[in-house]
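Taken together, the values in this text are just the output of simple stated rules run on the coordinates, not laboratory data. Given the structure is predicted, the values throughout are model-derived calculations rather than measurements. Because the Cβ atoms are built from the backbone with ideal geometry, glycine has one as well, and the counts that use them run over all protein chains shown.
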Amino acid sequence: MHQFDVAKEGYVNLLLAQQRHSKDPGYSKSMIASRRDFFDAGHYQPLGEGLATIVARYLNVAGATSDARVVVDAGCGEGYYLRAIRRLHESRKVVSPTLYGIDVSKHGVQIAARRDPCGQYAVASTHAMPVLDGAVDVVLAHFSPVFPSTFRRVLRAGGTLLVGGPGPQHLLGLKELVYDAPREHTVSDLLGPDSGFEHIGTHEIQYDIEVVNSTDIGNLLEMTPFYWSASELVQERLSSLEQLRTPIDVVVHAYRSSY
Ligand SMILES: C[S@@+](CC[C@H](N)C(=O)[O-])C[C@H]1O[C@@H](n2cnc3c(N)ncnc32)[C@H](O)[C@@H]1O
């Protein structure tokens, strides 16, 4: 029998010492706080609703009975998209699937668990997910690492993997402020046939956002990989910027586990 301590926020820490590659694995407290504050400002609400609708669609396609469905957000960060999935089911007055959020960052999982007491949250690597074989209807990996063999193991036969990432225009308005010659993002179909997944759909979520204060602009920058390329000069310029208009352009690839 295994026993685990449940933290006061309601999550379990299942990260083994040998899986810890740093003192503070995954996204840091500051990175997670920027994400939380930017999500709270509401700019990603259409993205959250869009993603939740896509997840619900594949849950229905999966055809499992409504109260036995399981969704795992692999690399859930501070849990924004799981809460969007729960809200969508509540608004449709249907039973929410059981929602699991797993992230290697304890800072993310702490917030996720605190904000969604009905969800199940764990600090763990999604490379070696602490989830039973064939137990999951939908695995979501949204802007987080994709580990095909582990995801295939935990998905039931015919289950769905959803991989979300940047479309060509994603945050181009922000990129233009960071890079001298910004380029559109090149989108590729991540998983080939030898991954054990069959590509079954592509979904796009696109709209523009207008960010009108420098704190939110700074938080958005810290959410992105561009933060690490932004020179001090660029960071300074951005910190005094009061307005930013940029496209949100997200592509979600759907894959069916082929065995
Ligand atoms: C760009 S963030 C995306 C978070 C969330 N999916 C979202 O869209 O807001 C990437 C997340 O992946 C997590 N992560 C990175 N490597 C991981 C791993 N091996 N196992 C679990 N989580 C991981 C990070 O800690 C971080 O929270």
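Roughly how large, in nm² to one decimal, is the mean projection of the convex hull of the alpha-carbon atoms in the range 125-248?
That works out to 9.1 nm², a quarter of the Cα hull's surface.
Give me P(r) over the range 216-259, computed from all C-alpha to C-alpha distances, binned every 10 Å, as integer percentages.
21, 42, 17, 13, 7, 1
Specify the inter-centroid distance of the range 171-213 and the range 85-123, based on alpha-carbon positions, in whole Å.
25 Å
Based solely on its DSSP helices, what 222 nm [θ] is calculated for the chain when runs of n ≥ 4 H residues each add -39,500 (n - 2.57) and the sum is averaged over all residues, nearest 500 deg cm²/dmol?
Calculated from helices alone, the mean residue ellipticity at 222 nm is -10000 deg cm²/dmol.
Percent of alpha carbon pairs in the range 146-192 separated by more than 12 Å?
Taking all Cα-Cα pairs of the range 146-192, the fraction more than 12 Å apart is 70 percent.
Take the alpha carbon atoms of the chain, find their radius of gyration, then divide it by 2.2 N^0.38 Å using N residues; give the quotient.
It is 1.01.
What translational D, rounded to a whole number of µm²/s, comes out for the range 64-123 from Stokes-Einstein when the hydrodynamic radius is the Kirkwood one over Cα pairs, at 20 °C and 1.002 mPa s?
For these conditions, the coefficient is 188 µm²/s.
With the radius of gyration and the Kirkwood radius both derived from the Cα set of the range 112-193, what is their ratio Rg to Rh?
1.08
With no solvent and one equal point scatterer placed on each C-alpha of the range 32-160, evaluate the Debye formula and give log10 I(q)/I(0) for q = 0.18 Å⁻¹, two decimals.
Each listed q corresponds, in turn, to -0.95.
What nm value, rounded to one decimal, do you get for the distance between Val94 and Gln45 when each label is placed 7 Å out toward the C-beta?
For the pair Val94/Gln45, the computed spacing is 2.3 nm.
Provide the gained length on full extension for the span Glu198 to Trp228, in nm with one decimal, where the gain is 0.36 nm per separating residue minus the Cα-Cα distance.
Computed gain between Glu198 and Trp228 is 7.4 nm.
Quick check: the distance between the Cα centres of the range 231-246 and the range 7-59, to the nearest angstrom?
Value for the Cα centre distance between the two parts: 25 Å.
Give the Rg (one decimal place) followed by the Dmax (whole number) of the range 4-85, computed from C-alpha coordinates and expressed in Å.
15.7, 42
With bins 10 Å wide starting at 0, give me the P(r) of the range 175-249 over every alpha carbon pair, in whole percents.
15, 40, 24, 15, 6
Could you order peptides 212-218, 2-8 by the average number of other Cβ atoms within 10 Å of their residues, highest first?
Put in order of decreasing packing, that is 212-218, 2-8.
Report for the chain the percent antiparallel among DSSP-assigned beta bridges with both residues inside it, nearest 5.
Expressed as a percentage, antiparallel bridges in the chain total about 50.
For a paramagnetic label modelled at 7 Å from the Cα of Tyr207 toward its Cβ, which residues of the range 88-111 fall within the zone defined by backbone nitrogen distances under 18 Å?
88-89, 91-92
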